[in-house]
1. Kindly provide the set of residues from region 18-43 that are among the hydroxyl-bearing types (Ser, Thr, Tyr) and closer than 23 Å to PRO105 by Cβ, ordered by number.
2. For region 153-198, enumerate the residues that are of a type outside the set (A, V, I, L, M, F, W, C), closer than 20 Å to SER118 by Cα, part of a helix (DSSP H, G or I) and touching a residue at least 12 places away in the same chain (Cβ under 8 Å).
3. Condition (residue is exposed (fewer than 12 other Cβ atoms within 10 Å of the Cβ), in contact with an Asp or Glu (Cβ under 9 Å, 6 or more places away or on another chain) and farther than 22 Å from GLU84 by Cα) applied to region 32-50: is it met by at least one residue?
4. Select from region 97-128 the residues that are closer than 17 Å to LEU169 by Cα and part of a loop (DSSP other than H, G, I, E, B) and list them in ascending order.
5. From the list ARG87, ARG77, exactly one residue is farther than 30 Å from ARG166 by Cβ and modelled with pLDDT of 95 or more. Which is it?
6. Which of the residues belonging to region 3-33 are more than 14 Å from the chain's Cα centre (by Cα), over 22 Å from LEU103 (Cβ atoms) and among the acidic types (Asp, Glu)?
7. Out of SER15, SER46, report the one residue that is farther than 18 Å from ILE110 by Cα and either modelled with pLDDT of 95 or more or not hydroxyl-bearing (Ser, Thr, Tyr) (or both).
8. Do the conditions hold for TYR115, that is, is it closer than 26 Å to GLU153 by Cβ and surrounded by fewer than 23 Cβ atoms within 10 Å (Cβ to Cβ)?
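The values are calculated or read from the model by the stated rules, or taken from the named source; none is laboratory data. Bear in mind that the values here come from a model prediction, so they are computed numbers and not experimental data. Because the Cβ atoms are built from the backbone with ideal geometry, glycine has one as well, and the counts that use them run over all protein chains shown.
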Amino acid sequence: MKQLLPGIWQWSWFSEEKQLDFNGLFLTVGEHRVLIDPPPMTAEVSTFIRRQGGVDYIVVTNRDHVREATTCQNEFRCQLQVPEADRAQMDVKPSKTFKDGELLPGGMWIIQLKYQKSPGESALYIQQGKGVLIVGDALIGSPSGALSLLPAEKYQDLRLAKEGLRRLLKYDFDSILVGDGTCIIFGAKQVVEQLLQG
């Protein structure tokens with residue numbers, strides 16, 4: 001487990017197919033303990049989470065990031081929350097669905113992003129420190145220190161996909177925590193701005 005920010009830890013599972021780390025996040029936000037997009041976890045990760053008091057709920061950012069959510073839901077006996085717009089395309093039984101603009105327990109705002117790979121693609125925004133954005137497939141942390149989009153064929157319209165991501169720039173954030181690749185802890189907003197200028 002690697003601590004990224006106060007109350008935020010990450011573990012990773014390397015995908016041979018994608019040649020990228022798939023990241024899971026464990027957050028302690030106030031009295032809430034949250035997993036986001038959990039990939040496979042080792043016994044050490046599971047033990048660490050249990051020592052922090054377990055998990056209250058799991059948040060999945062899009063239909064393709066279910067990963068080990070069902071396994072974790074069974075192991076930690078917690079709630080599972082998924083985007084309402086992706087629910088029909090997901091093979092899970094969520095406790096709750098969420099929509100754009102909702103405030104999840106622990107103070108995480110849902111930002112649903114239009115024109116992405118899936119209709120429910122959501123970012124999470126936390127007003128902690130200088131601001132933290134958590135994304136699933138909206139942005140990929142590759143190469144290290146930079147951000148990229150998914151391959152163009154994943155979108156119906158790449159220009160519209162970029163337009164949809166500009167919404168992120170309305171928020172104040174210094175850190176961006178990605179589901180795939182390497183997170184950017186400082187100066188992330190400038191990196192997003194540069195990517196979306198092109």
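1. THR28
2. Correct list: LYS154, LYS162, GLU163, GLY164, ARG166, ARG167.
3. no
4. ASP100, GLY101, LEU113, LYS114, TYR115, GLN116, GLU121, GLN127, GLN128
5. ARG77
6. GLU16, GLU17 - these are the residues of region 3-33 that are more than 14 Å from the chain's Cα centre (by Cα), over 22 Å from LEU103 (Cβ atoms) and among the acidic types (Asp, Glu).
7. Matching residue, one of SER15, SER46: SER46.
8. Yes.
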